[in-house]
């Protein structure tokens, strides 16, 4: 009964979405307040109905309702409760229901908190947002219905993919989808502004919080996925330039560019056309990621589905929304006249450089991801573009971005003197150079990557601190520092987080030590200054898996550092093995151990890594997210635009 109720709620939500898509847009065209007023209750009702449908599906997973086909394929009665719940979205159909739930959530939030928007703009934004919902409701109901019943239910299910039975992967998709779908709000604001033919500072202020929220969620989602890949897959890496990883990274890069570009629109009323274009492309790349994951076009360990028919449906959605928005942009772009001017040396120019670097780096990732497909279609050649291409092509843009970031943050608007900004940062530069030189002297002639990463990290972090202190004015004090707006603190924390992430990536890449050997029980061996002893190998049993568990004693200078227990698990229901690395975490380094198969001589295959500075990658991501949240909590986001008087011919802000 609950399942039928969820299915009915989903169909009803689809009908409400169609009404919300059509009626408010027609009302905005006719300037009919009664028709436009339909948008707000419709958005709320659409979200409530979708939440009920999602709740019904979750209930089916929690109670192991094996009359439902989706539960049979992705759950098992012996599975821990956390993974029964996460199994709701650990599959194609359920994840698409989560996607549309978040679409309706953002639409409802725009209705709840958009009271100070001009009525026509609010109606059009909610109508466009609902149009996205209509497309995905149709996709779910016609090609991916999660509520299909089985005539003869089996006794038990086939279990969830064991790789997904992990806390990191339980929370990774919801955060990632909040980011993906959050960009739909920036898209809706962009299309609504194009329909009205007006973009001004108030529009820039309105689109920034939505973009910032999406960017924060994407950052958290990507970091969780990276952390999961690091400890779960047993490869010892945090990023593999997998097509699905790239599918989330490309919108993140464009969202970062959009966020900075919207600041220029808000402050100076320039870069209007570029900002609109970024809003369209950012969501377009989110849809591209959805297409990659679900079409089977590109292979990946992360892919949800391998169904070309579903892929064609998503491709049609991508073509309609992105192609339609770009067509509207080409018609309306000439009307978005820039009002401000600025010199070559100014904050605006620095943000333009920021946008160019982020956009070009996104293009590089896109080319590397899609080129194998293009080569096969056009030249009938099977190519593989892997980490060597990305490692060579992508870092230079990030290096330049890291160098100019502290200087750009110190420049005034409109016109600036480069020498003054550089002079303010002289101590930060000297400090970064000194730390990098010390590292170079200590690393015994290895590559430049490590010192360069340390220099960038120190430069960005110190530059963010100088920028923050400079905002306290002459004779600044600590008390005044803590009275600064949260947006200033958020920017400094986020920039500092980026520096720490660069530190972790460069340190890990430059200085990690790897050892693969056959280890005999009780025989010690040395790797990277640590002594390892495989003291035992035993059988272990989990709630729904069997494991071969190694016991590895780790010592340094005769002192025990840790006892690690790597596992090789087998899930009997899914008939799939997984590798569970054992890691001794530390801010300076990780000791990472993986146990493999038994060998003929009685030993065991063991891989050991010493990974310097790895945890700074995720600490940096956490700080970037925290910086975004601090900025998002700034009261000026909610009330400053509302203090402005609406101007003729412009979209007033809150």
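Bear in mind these aren't lab numbers, they're just calculated from the coordinates by the rules spelled out. Quantities reported herein were computed from a predicted structural model and do not represent experimental measurements. Neighbour counts are summed over all protein chains in view; Cβ atoms, including those assigned to glycine, are modelled from backbone coordinates with ideal geometry.
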Long-range share for the chain, i.e. C-alpha pairs more than 39 Å apart as a percent of all pairs, stands at 38
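If you stretched the chain out fully between residue 413 and residue 448, how much longer would it get, using 0.36 nm times the residue separation minus the C-alpha to C-alpha distance?
On the way: separation 35, 0.36 × 35 = 12.60 nm, distance 3.54 nm.
Taking 0.36 nm per residue and subtracting the Cα distance, the gain is 9.1 nm.
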Here the residues of region 560-591 lying in the modelled label zone of residue 521, meaning backbone nitrogen under 19 Å from a point 7 Å along Cα-to-Cβ, are 563-569
Pseudo-spin-label distance residue 62 to residue 434, built 7 Å along Cα→Cβ, given in nm, is 5.8
Ranked output for segments 374-387, 144-157 by mean other Cβ atoms within 10 Å, highest leading, reads 144-157, 374-387
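Determine the gain in length on full extension of the stretch residue 600-residue 513; use 0.36 nm per residue of separation and subtract their C-alpha separation, reporting nm with one decimal.
On the way: separation 87, 0.36 × 87 = 31.32 nm, distance 2.67 nm.
Length difference between fully extended and current span is 28.7 nm.
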If R0 = 25 Å, then residue 1 and residue 78, at their Cβ-Cβ distance, give a FRET efficiency to the nearest 0.05 of 0.45
Residue span residue 541 to residue 344: 0.36 nm per residue of separation minus Cα-Cα distance leaves a gain in nm of 64.4 nm
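Taking the number of other C-beta atoms within 10 Å as the exposure measure, put 288, 614 in order starting with the fewest.
Taking fewest neighbouring Cβ atoms as first place, the list is 288, 614.
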From the Cα centre of region 147-176 to that of region 71-124, the distance in Å is 16
Residues 370, 410, 1 in order from fewest to most other beta-carbon atoms within 10 Å are 1, 370, 410
Between residue 633 and residue 561, the FRET efficiency computed from the C-beta separation at R0 = 35 Å comes out, to the nearest 0.05, as 0.30
Simple SL model, points at 7 angstrom along Cα→Cβ for residue 575 and residue 392; separation in nm is 4.3
So, with points 7 Å from each Cα along the Cβ direction, the residue 69-residue 587 label distance in nm works out to 5.4
Place a point 7 Å from the Cα of residue 399 in the direction of its beta carbon; the residues of region 425-461 whose amide N falls under 14 Å from it are 447-457
